[in-house]
Amino acid sequence: MSPDTAAPEPRPTLTDGVVVLRPWRPEDAAEDVGRWRTGFAVEHDDVLVGAVTVRDLGGGVGSLSWTLFAGHRGHGYATRSVRLLVDYALDGLGLQRVEAEVDAGNERALRVATRSGLRREGVKRVVPGMLDRAETDEVVVLARLATDPPITEPAGFRSLLNSFLPRKRAIAQMLLRDHQGRVLLCGLTYKLDWDLPGGVVEVGESPQLAVTRELEEELGLKVPAGSLLLTDWLPPWGGWDDALCLVFDGGVHDASVLDDARFEVREIADARFCTPEEVRERCADFTARRIESALAALESGPGYTESGR
């Protein structure tokens, strides 16, 4: 984080009873202090321990920066200082948004930001060497708005947690069979191997409703999803993050059901019921294993696999 212009003069003295944020004094001396003199000095028990600043970006937006000097880290002073500065920037300076950009690998700074009430908004890619960062190619953007509920309130605390807790991508697929025991597969326009019909679950969408929607959108088939057969975890692969693939029972149908199919041409090149041998021939190995596990679950009950195993 690169400090720059901060709160306009005169700067007040702020405290939470443990740390004190005060204007810099001519006699202050600390490592690289000159870069921070437009912000606040941070004291604990009358000892200079660090510095914080908020830079006015215009449009009601401020950019936060902070540092603790050697020998004073690990005591919670940074979190207390940033929290004080955020409150001052929103309440005292009238800013509508305060934000920070933290190196994606700087776990300590990320903890300070979130414990100070900044919600994680996303990751911004940067070219190495930009933003005074010699090596980093990603920064995490965190921010707090003037309209956000206080983190001392349940709604505010839940929103804060929700912003940085892990999120898992979900894929919903359907296992449809014909009276010969063959499985419906789709030939896709964006990859060579075939797969079960289905797709990515949208944010806030039921996986069971998602796969029903996908079949109607991509194949023109109205087949309500039945019970869950299989949960298959897919590890990170080929540029994709990991995901959970949920396979639902689509029941048994006459093969002529495809006579009424209408393909979404941007995604579906072909669809047909396939024998076990054709499944192994057309599908990637992990997809073939998933289908075998889902078929087995029809008899044994819902199962869990990882990459089909």
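Just so you know, all these numbers are worked out from the coordinates, no wet-lab data involved. None of the values given here were measured: they were computed from a predicted structure. Ideal geometry is used to build each Cβ from the backbone, glycine not excepted, and the neighbour counts take in all protein chains shown.
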Out of SER227, SER256, SER293, any idea which swings most in a Gaussian network model of the chain, alpha carbons joined below 10 Å?
SER256
What is the distance in Å between the Cα centres of region 169-203 and region 53-117?
47
Among LEU209, LEU175, VAL98, pick out the residue whose Cα is farthest towards the positive end of the charge dipole of the chain, where Lys and Arg carry +1 and Asp and Glu carry -1 on C-beta, about the Cα centre.
VAL98
Chain lengthening between ARG280 and HIS253 when straightened (0.36 nm per residue, less Cα-Cα):
7.6 nm
Give, to the nearest whole percent, the P(r) tail of region 36-171 beyond 18 angstrom, counting all Cα pairs.
57
In whole Å and largest first, what semi-axes does the C-alpha gyration tensor of the chain yield when each eigenvalue is scaled by 5 and square-rooted?
56, 18, 17
Between the modelled labels at SER163 and LEU145 (7 Å from Cα along Cα→Cβ) the distance in nm is 1.0
On a full-extension model of 0.36 nm per residue, what is the gain between LEU298 and GLU27, subtracting their alpha-carbon distance, rounded to one decimal in nm?
89.8 nm
Env charge @ GLU264, Cβ radius under 11 Å, K,R +1 / D,E -1, value -3
For the residues TRP237, TRP24, TRP66, TRP194, what sequence is obtained by ranking on other C-beta atoms within 10 Å, fewest first?
TRP237, TRP24, TRP194, TRP66
Could you point to the residue in ALA78, ALA41, LEU161 farthest towards the positive end of region 14-164's charge dipole, with +1 and -1 charges on the Cβ of Lys/Arg and Asp/Glu respectively?
LEU161
Quote the FRET efficiency, to the nearest 0.05, computed for ALA155 versus LYS124 with a Förster distance R0 of 22 Å and r equal to the Cβ-Cβ distance.
0.20
Which order do GLU292, GLU214, GLU264 fall in if you start with the one that has the fewest other Cβ atoms within 10 Å?
GLU264, GLU292, GLU214
Kirkwood hydrodynamic radius (C-alpha pairs) into Stokes-Einstein, region 169-306, 10 °C and 1.306 mPa s, D in µm²/s
107
Compare GLY204, GLY50, GLY105 in a GNM of the chain, Cα atoms joined below 10 Å, and give the one with the largest fluctuation.
GLY204
The chain: most fluctuating residue of GLY74, GLY199, GLY239 per GNM, C-alpha cutoff 10 Å
GLY239
For Cα pairs less than 8 Å apart in space and 6+ apart in sequence, what is the mean separation divided by the residue count of the chain, i.e. the relative contact order in percent?
12
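Around LEU209, what is the net charge, scoring Lys/Arg as +1 and Asp/Glu as -1 over all other residues with Cβ under 14 Å from its Cβ? Present the calculation step by step, with values, prior to reporting the outcome.
Working: positive: ARG213, LYS222; negative: GLU202, GLU205, GLU214, GLU216, GLU217.
That works out to -3.
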Label points 7 Å out from Cα along the Cβ direction at GLU216 and PHE263: separation in nm?
2.3
Once phi is turned into ³J(HN,Hα) by the Karplus curve 6.51 cos²θ - 1.76 cosθ + 1.60 with θ = phi - 60°, what whole-Hz value does each residue of region 243-256 show in order, with x for glycine and proline?
7, 9, 9, 9, 9, 9, 6, x, x, 10, 9, 5, 4, 5
